[in-house]
Amino acid sequence: MTAPLTLPPLRMTRRGFRTLTAVQAKLLLREPAALIWLLLPVVLLVIFGNIPGFLTPQTSLHGKRVIDAYVPTLAAMVPLFLGCTALPMTMAGYREKDVLRRLSVSPVPARGLLAALVTVIAALAVADVVVMVAIGVLAFDVTAPADPAAVLASFLLGGAAVLALGLMVAAVARNSGIASALGVPMMVVNFFFSGLYFPLDEMPRLLRAVGEFVPFGAVMDAWAGYGPLWRHLLVLAAWTVLGSVVASRTFRWE
């Protein structure tokens, strides 16, 4: 008897990964909601920057202007949207439509699809944050952070944290509706503690203390220089590890 033919394990080539990443970018950018969320922070920043009252130092903000407080907050909107809603809803939609199951018998590894989607989302988030900060500094004379390296580290780690939490939602959501129901509240909580609804300097002390343990609350504190940097980075690292571990252990491709 001849031994059964054993196929070698599928591997994602660099060229294949680049192609898959380009396809994921096109699919994501075709979504009207994604385009709105990518452009909305820029539009809001331009509007806020042209309101005279937002360019005047405020006593309630310890001498800062409203525009100074909102540049990092608006910059956080895109990574939060992409990580908390776009990522889990896209993956849940693929699962709901049996895309992941069909990929399991195709030359394209399902893990390659996930890696390509995460790459696209991370790249868009980084690009949008850079654009927002550049507009704030160059167009509206927003003061750059005293420690740019600390801010960069906190934004990168904060982005990794919400991506990990988004993967955790994607791991358990059977369809896009469930992914939205789990991801949107997570996004709103981070919006709140990043100062989107009202400036952090006007937030009660108790809420500020709670916000230190929310991913983008920690990022905003690092930007403003509140508290020791190591504590904010530790919080972000803990969320990243927690989300990654839970997602890897609970993720189902079908």
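The values are calculated or read from the model by the stated rules, or taken from the named source; none is laboratory data. Everything numeric in this text was worked out from a predicted model, so none of it was measured. Cβ sites come from the backbone with ideal geometry, for glycine too, and all protein chains shown count toward neighbours. Ligands, DNA and RNA are stripped out before the accessible areas are found, and what is left, the full protein with its side chains, is counted by its heavy atoms. Shrake-Rupley method; radii C 1.70, N 1.55, O 1.52, S 1.80 Å.
Using a probe radius of 1.4 angstrom, the carbon and sulfur fraction of the accessible surface of the chain is 69%. Here, the chain is characterised by an Rg to Rh ratio of 1.05, where Rg is the alpha-carbon radius of gyration and Rh the Kirkwood radius.
Restricting region 177-254 to trypsin sites (Lys or Arg not before Pro) that sit in a DSSP loop and have at most 16 other Cβ atoms within 10 Å of their own Cβ leaves 252. Scanning residues 5 or more positions from residue 65 or on other chains, those with amide H under 5 Å from its amide H are 58, with H placed 1.01 Å from N in the peptide plane. As a length-normalised measure over Cα pairs under 8 Å and 6 or more apart, the relative contact order of the chain settles at 26 percent.
Put a dot 7 Å past the Cα of residue 252, heading toward its Cβ, do the same for residue 137, and the two dots end up 4.7 nm apart. Couplings 3J(HN,Hα) of region 69-77, computed from phi: 6, 8, 4, x, 5, 5, 5, 7, 4 Hz, in residue order, whole Hz [Karplus 6.51 cos²θ - 1.76 cosθ + 1.60, θ = phi - 60°; x for Gly and Pro]. Note on residue 146 and residue 209: the extension gain reaches 20.5 nm, defined as 0.36 nm multiplied by sequence separation minus the Cα-Cα distance. Under a 5 Å amide H cut-off, with hydrogens placed 1.01 Å from N, residue 142 pairs with 137 among residues at least 5 apart or on other chains. For region 145-254, chymotrypsin sites (Phe, Trp or Tyr not before Pro) are listed when DSSP marks them as loop and at most 11 other Cβ atoms sit within 10 Å of their Cβ; the list is 197.
Couplings 3J(HN,Hα) of region 40-46, computed from phi: 4, x, 5, 4, 4, 5, 5 Hz, in residue order, whole Hz [Karplus 6.51 cos²θ - 1.76 cosθ + 1.60, θ = phi - 60°; x for Gly and Pro]. In units of the rule-of-thumb radius 2.2 N^0.38 Å, region 123-254 shows an alpha carbon radius of gyration of 1.12.
Here the 3J(HN,Hα) profile of region 81-92, calculated from phi with Karplus coefficients 6.51, -1.76 and 1.60 at θ = phi - 60°, is 5, 5, x, 8, 10, 4, 4, x, 5, 5, 5, 5 Hz, Gly and Pro shown as x. Cut-off 10 angstrom, C-alpha nodes, Gaussian network model of the chain. Which of 180, 154, 194 fluctuates the most? Between 180, 154, 194, it is 180 that shows the largest mean-square fluctuation.
Solvent exposure of the chain amounts to 52 Å² per residue of accessible area, where only protein heavy atoms count and the probe is 1.4 Å.
Seen from a random direction on average, the alpha-carbon convex hull of region 194-254 projects onto 5.4 square nanometres.
Structure remark: mean-square fluctuation, Gaussian network model of the chain, C-alpha springs under 10 Å; the largest value among 90, 56, 240 belongs to 56.
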